[in-house]
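Colleague: Quick one: this structure, given as structure tokens, is what I'll be asking you about.
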Amino acid sequence: MTTSLTATLDVPQAPLRDVPALLGRCRALVRPRLAAAIGGLHPWTGEMSAYALGWRDVDGTPDPDASEGKGVRQTLAVLGAEAAGADGRAAVPGAVAVELVHAFSLLHDDIMDGDVLRRQRETVWKAYGTGPAVLAGDALFALAVQSLAETPGPHTGEAVRRLCATLTELVEGQAEDLLFESRPWTGPDAVLPEQYRAMAERKTGALLGCAAALGALLGGAPAETVAALDLAGRHMGVAFQAVDDLLGIWGDPAVTGKPVHGDLRRRKKTYPVLAALSAEGPASRELAALLEAADEDAAPRAAALVEEAGGRAATVAEAHHHLDAARTCLREAPLTEPAALSIESLLDFLLHRAS
């Protein structure tokens, strides 16, 4: 039985009503440039990229039922420019770049994790094959840098440097995540919650921070404003990962498209599990024994032990801590009020999500 994550997180409801319209507005602004960039790829990698983005089916026909994702990163880029007092259109090249990087990262993540479904349909590697999917990811990676580098303007060089630094961080975070798989559950070499947090900032937070910062940078914001938005996005990313970890154990399969307790069955080292293992007590010890035994049928018991040992509560607290930290960054920076409030609503929306 699953429990409402909305109730668990105690997220306010009022600001969330306008977020879908906000995401839609920013998507409409970015989509033409993003489609033009994908249209410049080789037809085969372009077809796979359009499939990955939820635009087309495997036969190349439009797929109106497929999900394009939330579009959070492109929205953050547009809001970053608007928060700095610029027209949101100034951020479009940065928004395109971060969307392409995000698509690349998901495509390669699915290969490394062996995931066969994303957004309720086959992943690219499952639909087209591993080799073609790697190639499509490489194409998206290269296109992200190229599309930003070809943007005219006085801030292009700095924008490309920031994107490249973010790409390096993202790869480092993914490397750490993969290396965590071979480390023991307990003992001196076990993964600690703070090590997981540092990984999450690189793997998830860096790109969210880059999105907001690129929008501000391309909008001509001063360095202090760019840095504040980058830090806010990083905190947002860690909070996002915390909620993702909760969904990976207790999310509703009908919404997430993944089995309940899926992360436990796959023995993934996520924040709730690591926090539970780091606690002292019989529940932590029993959990460690179950994980060492690698028994998939014990996943429901393991989930109960994670909760009993405090792992779920610790993850909720982690999400709230980084949400509050992101708000502090926004409120201390010289941002235009409407855009800053929109970003805050977006923070709540991410914590409120069910998938």
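Colleague: Using 0.36 nm times the number of residues separating residue 65 and residue 285, minus their current alpha carbon distance, what extension gain do you get? Kindly include the intermediate steps, with their values, before the conclusion.
Modeller: On the way: separation 220, 0.36 × 220 = 79.20 nm, distance 4.54 nm.
So the extension gain works out to 74.7 nm.
Colleague: May I pose another question? So what's the back-of-envelope 222 nm ellipticity for the chain, counting only DSSP H runs of four-plus at -39500 (n - 2.57) apiece and dividing by all residues, rounded to 500?
Modeller: Working: 18 runs with 245 residues, N = 355.
Taken over the chain, the calculation gives -22000 deg cm²/dmol.
Colleague: How big is the charge dipole of the chain about its Cα centre, in debye rounded to the nearest 20, if each Lys and Arg gets +1 on its Cβ and each Asp and Glu gets -1 on its Cβ?
Modeller: Working: 32 positive and 47 negative charges, 118 e Å.
Dipole of the chain, to the nearest 20 debye: 560 debye.
Colleague: Okay, moving on. How large are Rg and Dmax for segment 225-328 when only the alpha carbon atoms are used, in Å?
Modeller: 15.1, 50
Colleague: Taking the Cα centre of each part, how many Å lie between segment 134-191 and segment 275-289?
Modeller: After rounding, the separation between the Cα centres reads 33 Å.
Colleague: Show the residues, 5+ positions off or on another chain, whose built amide H is closer than 5 Å to the amide H of residue 118.
Modeller: Sorted by chain and number, the residues that satisfy this are 123.
Colleague: Related question: As an exercise, find the ratio Rg/Rh for the chain from alpha-carbon atoms, using the Kirkwood inverse-distance average for Rh. Could the numbers behind the result be given before it?
Modeller: Values: Rg = 20.0 Å, Rh = 20.7 Å.
Here the Rg-to-Rh quotient is 0.97.
Colleague: Another one. Listing 236, 48 from the residue with the fewest other Cβ atoms within 10 Å to the one with the most, what is the order? It would help to have the intermediate numbers written out before the result.
Modeller: Numbers: 236 30, 48 27.
Sorted ascending by nearby Cβ count, the order is 48, 236.
Colleague: Continuing with this model, one more query. How do 307, 158, 224 line up, fewest other C-beta atoms within 10 Å first?
Modeller: Ordered from fewest to most neighbouring Cβ atoms within 10 Å, 307, 158, 224 come out as 224, 158, 307.
Colleague: Also: Based on the mean of other Cβ atoms within 10 Å per residue, sort peptides 134-147, 75-88 so the most packed one is first. If you can, show how the numbers build up before the last one.
Modeller: Numbers: 134-147: 19.8, 75-88: 26.6.
Result, highest mean Cβ count within 10 Å first: 75-88, 134-147.
Colleague: How would you rank 151, 130, going from fewest to most other Cβ atoms within 10 Å of each one's own Cβ? Each step should come with its number before you reach the end.
Modeller: Values: 151 17, 130 11.
In order of increasing Cβ crowding within 10 Å: 130, 151.
Colleague: For residue 175 and residue 117, what does the FRET efficiency come to when R0 = 30 Å and r is the distance between their Cβ atoms, rounded to the nearest 0.05?
Modeller: Working: r = 24 Å, r/R0 = 0.82.
About 0.75, to the nearest 0.05.
Colleague: Kindly rank 61-73, 207-219 from highest to lowest mean number of other beta carbons found within 10 Å of each residue. Each step should come with its number before you reach the end.
Modeller: On the way: 61-73: 15.6, 207-219: 30.5.
Highest-to-lowest ranking by the protection proxy: 207-219, 61-73.
Colleague: Okay, moving on. Taking the radius of gyration and the Kirkwood hydrodynamic radius from Cα positions alone, what is the Rg/Rh ratio for segment 224-282, to two decimal places?
Modeller: Working: Rg = 15.0 Å, Rh = 13.2 Å.
Ratio value, two decimals: 1.14.
Colleague: How high is the FRET efficiency between residue 35 and residue 292 when r is their beta carbon distance and R₀ equals 41 Å, given to the nearest 0.05? Write down the numbers at each step before the final one.
Modeller: Numbers: r = 49 Å, r/R0 = 1.20.
Efficiency, from the Cβ-Cβ distance: 0.25.
Colleague: Return the sequence-ordered ³J(HN,Hα) values of segment 317-325 in whole Hz as given by the Karplus equation 6.51 cos²θ - 1.76 cosθ + 1.60 applied to θ = phi - 60°, using x for Gly and Pro.
Modeller: Using θ = phi - 60°, the values come out as 4, 4, 4, 5, 4, 6, 4, 5, 5 Hz.
Colleague: So for the chain, taking the charge dipole from beta-carbon charges (+1 Lys/Arg, -1 Asp/Glu), which of 79, 317, 191 sits furthest toward the positive end?
Modeller: The residue sitting farthest along the positive end of the dipole is 79.
Colleague: In whole Hz, with x marking every Gly and Pro, tabulate ³J(HN,Hα) for segment 292-302 from phi via Karplus 6.51 cos²θ - 1.76 cosθ + 1.60, θ = phi - 60°.
Modeller: Calculated HN-Hα couplings, in order: 5, 6, 6, 9, 4, 5, 8, 4, x, 5, 4 Hz.
Where a number appears in this text, it was derived from the coordinates with a stated rule and is not lab data. Predicted model, so just to flag it, every value in this text is computed and none were measured. When we count neighbours, we look across all protein chains shown, and the Cβ atoms used for this are built from the backbone with ideal geometry, even at glycine.
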